[in-house]
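Enquirer: What follows is a single structure, and I will ask about it in a moment.
Bear in mind these aren't lab numbers, they're just calculated from the coordinates by the rules spelled out. From a predicted model like this one, the values you see are computed outputs, not experimental measurements. Using ideal geometry, Cβ is built from the backbone for each residue, glycine included, and neighbour counts are taken over all protein chains shown.
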Amino acid sequence: MLDKAPFPYAAGFRSLTQEITTPVPLEVQGQLPAWLTGTLLRTGPSKFEVGDRTYNHWFDGLAMLHRFAFDKGRVTYASRFLESNAFAAANETGKITYGEFATDPCRTLFGRVAAIFSQELTANCNVNVADFGGDIVALTETTLPMRFAPETLATLGVLVYEPPLTGQVSNAHPHYDAVRMRHYSYMIAFGMQSRYRLFSIGDDGTQVQLAELPVDRPAYMHSFAMSENHLALVEFPLTVSALELKFSGKPFIRNYRWQPERGLKFHVFAKDGGRTVATAQGDAAFAFHHVNAFEDGDDLVIDMVVYADAKIIDELYLARLRAGMQIDATGLLTRYRVPLTGNGPITYKTLAPVPIELPRINYEVHTGKPYRYVWGAGIAVEGDFLDSIVKIDTETGDVARWYEAGLYPGEPVFVPAPSTQAEDAGVLLSVVLDVSTDTSFLLVLDATTLEEKARAEAPHAIPFHFHGNYFAALPGGFAP
Ligand SMILES: [Fe+2]
């Protein structure tokens, strides 16, 4: 039976423990494009309770993989828990055994040293999915990508490179450069001297360190920027002391402090060779998601979904979300211009005055390059959770919106239509919670007009989750 819901979208934060390991055909209302013949692979938190404990934060839940496979106007759905170390230990012991973003295991297991410094980093990859040189991996913010079989969703194990780069924290939003045929990302090594390490992974499976930057207090960063020739780390003033992280006895993110006096710090690196091209300072702000970046004359343009501060992290604790408490923090699409030469000032402006999160672009063609359109989940009704899909025209600031009361869509993944040059020609794929039926469905929108093309109902409600990618041909395709 349904939980008694204190607010409309409560099912979005309810655990889903049922797996569908054999793909089931979904009934399609409307018409799927005949050219849509790939696979949407997504990951997200799905189980929030272990034994008598509940994870603290939305970002902590045990990962489930979701697969929507398209063929000739039909779609099937399958799902399976990612069998990570954290998942296995939870099942075996009935206890939370690995430290997550905002939840630590029972302290008697690890004494006073934080889980992030033990040999027991979590591989609960509930954030994103990528293709690293033919290995389909689920990602979280530790340095343990988990391989899985895209056809069966069976977990294959941690992806290990030799020699491994050392670091505890990494990034679940790697970028892919189709010209260089490499993914780019970074990790953070905490220690007496903490370091950011930028690295790349080739389609041939090689991993190379590009640059290393010593850092006093590492920042919490969820993504980074890539243009045609540059990589940029944007340090938000939410920073941590490695010593405190190690010995405070608090869960990972609770060691980070908001220090607005530090402002924003931009570190721009050459993609080839890794040298530091520019550093710059801006006004304090916070973001999870970079949207795109490109070179424009002597400037590096960096677009992000920007919050005034980091309170959004606090607003996403599970107890708050499950109580239906309103989220006040607002993320706005914001454009920064960072001078690549000289000492010119940083400038920034809001591109559209509407909340947006989980942003996507036409990645395959426009990543790192000038572009026009951003799609994301939006908020149509003030105080509501993500309740709509928006399209922002970065040139005009125009906003288009898809909204139906009682529906709560997640990240809209853009899939380009074949044989077209138009940036916004294609479809958006979004998993939507329908509170009236207590189920989720896959929504297919025309990316140009945001008109509905089709929807296909899943057998149950799927908890709100984060990211995924569409793979036109497995293995391969463009996976940011
Ligand atoms: Fe993200």
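Enquirer: Over all directions, what mean area does the Cα convex hull of segment 389-428 project, stated in square nanometres?
Expert: 3.5 nm²
Enquirer: At 222 nm, what helix-only mean residue ellipticity would the chain give, in deg cm²/dmol to the nearest 500, using -39500 (n - 2.57) for each DSSP H run of four or more?
Expert: The per-residue figure over the chain is -1500 deg cm²/dmol.
Enquirer: Ordered by residue, what ³J(HN,Hα) values in Hz, to whole numbers, does segment 144-155 give under the Karplus form 6.51 cos²θ - 1.76 cosθ + 1.60, where θ = phi - 60° and Gly and Pro are x?
Expert: Once θ is set to phi - 60°, the couplings for segment 144-155 become 10, x, 10, 6, 9, 7, x, 7, 10, 6, 5, 6 Hz.
Enquirer: What FRET efficiency do you get for Val208 and Glu49 if R0 is 35 Å and r is their Cβ-Cβ distance, rounded to the nearest 0.05? Walk me through the intermediate numbers first.
Expert: Details: r = 41 Å, r/R0 = 1.18.
So, using R0 = 35 Å, E works out to roughly 0.25.
Enquirer: Calculate the translational D of segment 16-80 in whole µm² s⁻¹ from Stokes-Einstein, where the hydrodynamic radius comes from the Kirkwood formula applied to all Cα pairs, the temperature is 25 °C and the viscosity 0.890 mPa s. It would help to have the intermediate numbers written out before the result.
Expert: On the way: Rh = 13.4 Å.
Translational diffusion coefficient: 183 µm²/s.
Enquirer: Once phi is turned into θ = phi - 60°, what whole-Hz ³J(HN,Hα) does the Karplus curve with 6.51, -1.76 and 1.60 give for every residue of segment 196-203, x standing for Gly and Pro?
Expert: Whole-Hz 3J(HN,Hα) from phi for segment 196-203: 8, 10, 8, 8, 10, 10, x, 4.
Enquirer: Take the chain, drop everything but the C-alpha atoms, weight them equally and run the Debye formula without solvent; then report log10 I(q)/I(0) at 0.08, 0.09 Å⁻¹ to two decimals.
Expert: Result of the Debye calculation: -0.43, -0.56.
Enquirer: Given the convex hull of the Cα atoms of segment 118-211, what is a quarter of its surface area in nm²?
Expert: Working: hull surface 25.1 nm².
With every direction weighted equally, the projected area is 6.3 nm².
Enquirer: A further question on this structure: Amide H of Gly331 versus every other amide H placed in the peptide plane: which residues, excluding those fewer than 5 positions away on the same chain, fall under 5 Å?
Expert: Long-range HN contacts for Gly331: Ile356.
Enquirer: Under the definition of Cα pairs under 8 Å and six or more residues apart, what whole-number percent is the relative contact order of the chain? All intermediate terms of the calculation are to be shown ahead of the outcome.
Expert: Working: 1289 pairs, mean separation 70.9, N = 480.
It rounds to 15 percent for the chain.
Enquirer: In segment 321-480, how does Rg compare with the Kirkwood Rh, expressed as the Rg/Rh ratio over alpha carbon atoms?
Expert: Value, to two decimals: 1.00.
Enquirer: Diagonalise the Cα gyration tensor of segment 325-377 and give the resulting equivalent ellipsoid semi-axes, square root of 5 times each eigenvalue, largest first, whole Å.
Expert: In descending order, the three semi-axes are 24, 18, 8 Å.
Enquirer: List, largest first, the extents of the alpha carbons of segment 246-320 along their principal axes, each in whole Å.
Expert: 47, 27, 24
Enquirer: From the backbone phi of segment 424-431, what are the Karplus-calculated ³J(HN,Hα) couplings (6.51 cos²θ - 1.76 cosθ + 1.60, θ = phi - 60°) in whole Hz, Gly and Pro given as x?
Expert: Going residue by residue, I get 9, 7, x, 10, 10, 10, 9, 8 Hz, with x marking Gly and Pro.
Enquirer: So, one more: Provide Rg over Rh for segment 356-413; use the alpha carbon set for both Rg and the Kirkwood Rh (inverse mean inverse pair distance). All intermediate terms of the calculation are to be shown ahead of the outcome.
Expert: Details: Rg = 11.9 Å, Rh = 11.9 Å.
Using Cα coordinates only, the ratio equals 1.01.
Enquirer: Please work out the Kirkwood hydrodynamic radius for segment 193-331, using every pair of different C-alpha atoms, and report it in angstroms with one decimal place.
Expert: On the way: mean 1/r = 0.0603 Å⁻¹.
One decimal place: 16.6 Å for the Kirkwood radius.
Enquirer: Over 26 Å, how big is the tail of the calculated P(r) for segment 262-374, in percent of all Cα pairs?
Expert: 26 percent
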